[in-house]
Amino acid sequence: MSDNPTEPASPTDQAKPASAVADAAAPVSNPQQQRQRAVHLAQAIRHELQKAVIGQDAVIDDVLTALIGGGHVLIEGVPGLGKTLLVRALARCFGGEFARIQFTPDLMPSDVTGHAVYDLHTEQFKLRKGPLFTHLLLADEINRAPAKTQAALLEAMQERQVTLEGRALPVPQPFMVLATQNPIEQEGTYPLPEAELDRFMLKLRMDYPDAAQELEMVRQVSKSTRSDMLDVQPLRTLLQAKDVLVLQRIAGELPVDEQVLDYAVRLARATRTWPGLIIGAGPRASIALVRGARARALLRGGEFVIPDDIKSCALAVLRHRVRVSPELDIEGLSVDQVLKQLLDQVPAPRQ
């Protein structure tokens, strides 16, 4: 780590991977210097993740958007596209705590949050914290657990605390849930309730890579000693927990013009009366649009939020908060197609 707070950080500096955000936190730096170093670090993380997750650049940007925006992510895709790999790669680049929960039909809420155990030596009950008390939580195949177990995440996702035996215990900060689910196989699965879906800032869809990217993936994986998966061990640790908080603070301070703010609210409100949508997005969507847009602006190196930042994360913010009418569903129209029509027709403010 650099001892000179005015020395510019480099994303390719192997010896000083976290110097950018360390300098960004230094009080002697002015806001512009802090922002530039945060941008360099965010771009370095993106580059590092692209080494492990091939052909999913848009999804990588979305996950970083949620991390910087302080939200949670639901990742949907058929098996074998790298959903779990992406989360493991992010955990490898992150020096904080990481935990994984494999959701199964017999998983109990106490397996997630923790429970009280009786200590024979002290003859008292002690709280044993569950895997939920971490910075990054991978909820793998979250739709395989029943509703009561899924609900164990709700309090932590919204209030950043867990109530155990009547005590409210805060979870570490930052706290991010990255949940995965398979949209194809429905046997033995439980649909996520609307209240839980609304607590995810983004819902991402991982699709098949194109031919060139799949060829590169096969080339790299066939050289790996880890069977049929890419190895995340070579990835550098670029972030500590306090660094993520600095990134979130810097992104949260990026200015948003009143017209851009109004555009985000109009998009969310339009879903409530849009033809073909029987359920619209609530106020959490408006908030998530602005938070996501601020993170997008930081990722692209912008000094303020523009309408395109709102638009670029709108699909991921809205797709799990709305429902298509049965008539359009029968016609084969997807949620994304309806939302794209909405985004095309709701006017954005001129820059």
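The values are calculated or read from the model by the stated rules, or taken from the named source; none is laboratory data. Worth saying up front: this structure is predicted, and the values here are computed from it rather than measured. FYI the Cβ positions are ideal-geometry reconstructions off the backbone, even for glycines, and counts take in every protein chain you see. Heavy atoms of the whole protein, side chains included, go into the accessibility calculation; ligands, DNA and RNA do not. Shrake-Rupley method; radii C 1.70, N 1.55, O 1.52, S 1.80 Å.
Below, the figures for the structure above:
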item: Among (1) at pLDDT 90 or above; (2) crowded, with 24+ Cβ neighbours inside 10 Å - the single one residue 23 does not satisfy; result: (1)
item: Segments classed as strands (runs of 3 or more DSSP E), wholly inside segment 34-122, with at least 3 members that are under 19 Å from residue 152 (Cβ atoms) and not acidic (Asp, Glu); result: 98-102, 114-119
item: Flag if residue 32 is more than 19 Å from residue 241 (Cα to Cα), at pLDDT 80 or above and more than 16 Å from the chain's Cα centre (by Cα); result: yes
item: Residue among 222, 312 that alone is out of contact with any His (no Cβ under 7 Å at 6 or more places or on another chain) and closer than 15 Å to residue 346 by Cα; result: 312
item: From the options 335, 324, residue that is more than 19 Å from the chain's Cα centre (by Cα) and in contact (Cβ under 8 Å) with a residue 40 or more places away in the chain; result: 324
item: Residue count, segment 98-155 (criterion: among the charged types (D, E, K, R), free of Cβ contacts under 8 Å to residues at least 40 places away in the same chain and surrounded by 14 or more Cβ atoms within 10 Å (Cβ to Cβ)); result: 2
item: So residue 281, is it surrounded by 15 or more Cβ atoms within 10 Å (Cβ to Cβ), within 16 Å of the chain's Cα centre (by Cα) and either modelled with pLDDT of 95 or more or of a type in the set (Gly, Ala, Ser) (or both); result: no
item: Condition check for residue 151: over 24 Å from residue 65 (Cα atoms) and either under 15 Å from the mean Cα position of the chain (by Cα) or at pLDDT below 90 (or both); result: yes
item: Failed condition for residue 70, given (1) surrounded by fewer than 18 Cβ atoms within 10 Å (Cβ to Cβ); (2) on the phi > 0 side of the Ramachandran plot; (3) modelled with pLDDT of 90 or more; result: (1)
item: Residue in segment 7-20 that is in a helix (DSSP H, G or I), in contact with a helix residue (DSSP H, G or I) (Cβ under 7 Å, 6 or more places away or on another chain), at pLDDT below 85 and open to solvent by 30 Å² or more (accessible area, probe 1.4 Å) present; result: no
